[in-house]
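Reading through the structure tokens given below for one structure.
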Amino acid sequence: MAKQTILIEGTNLIFRNLSGKPSDFNKNGSRVTGVIIPPEMVEGLVNDGWSVKQLSPRDPQDQPLYYMNVKCRFDNFPPKVYLVTQKKKVQLDEETIDQIDYSEISSVDIEISPYDYEINPHNRGRAAYIKLMYVNVVEDAFYEKYDFGDVED
């Protein structure tokens with residue numbers, strides 16, 4: 001398995017839970033999101049040991065959607081995550097990263113780091129972690145009118 005990071009530009013996020021809220025699909029404290037994988041990258045990623053999943057389309061005429069669950073942890077190697085508008089970028093931290101869960105996103109550029117694990121010969125794989133992420137948000141209708149430049153939202 002190759003140990004290099006993955007760069008994906010112009011993608012998007014699904015199943016966002018960077019706040020780590022407990023749910024039927026997420027144990028308490030796990031900050032995770034799904035990253036859409038371009039179809040042309042899927043075969044290479046799978047061959048390199050990444051866990052790429054497929055969502056079947058709702059409309060039979062649409063193409064399937066490929067994604068990878070990516071974790072976000074701030075304890076060992078904190079990721080650099082930025083929320084980006086047309087005029088500014090704000091670095092998010094452990095306390096503010098949940099803003100992504102509720103933002104309207106236009107696109108995401110992300111660098112994903114691998115972590116290969118082996119608990120025993122029958123339980124091994126590759127986990128994906130956010131290393132760097134720029135989240136471009138859709139600005140609301142009044143953004144320009146009320147942009148005071150130096151005021152944080």
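Rule-based calculations on the coordinates, nothing more; no lab input. This structure is a prediction, so every number in the text was calculated from the model and none was measured. Note that each Cβ is placed from the backbone with ideal geometry, even for glycine, and that neighbours are counted across all protein chains shown.
Observations
- Test: residue in the range 49-60 that is of a type outside the set (D, E, K, R), assigned to a loop (DSSP other than H, G, I, E, B), farther than 23 Å from SER107 by Cα and free of Cβ contacts under 8 Å to residues at least 12 places away in the same chain: yes
- Tallying residues that are free of Cβ contacts under 8 Å to residues at least 40 places away in the same chain and within 16 Å of GLY34 (Cα to Cα) within the range 66-98 yields 1.
- Tally of residues being among the hydrophobic types (A, V, I, L, M, F, W, C) and surrounded by fewer than 12 Cβ atoms within 10 Å (Cβ to Cβ) across the range 15-46: 1
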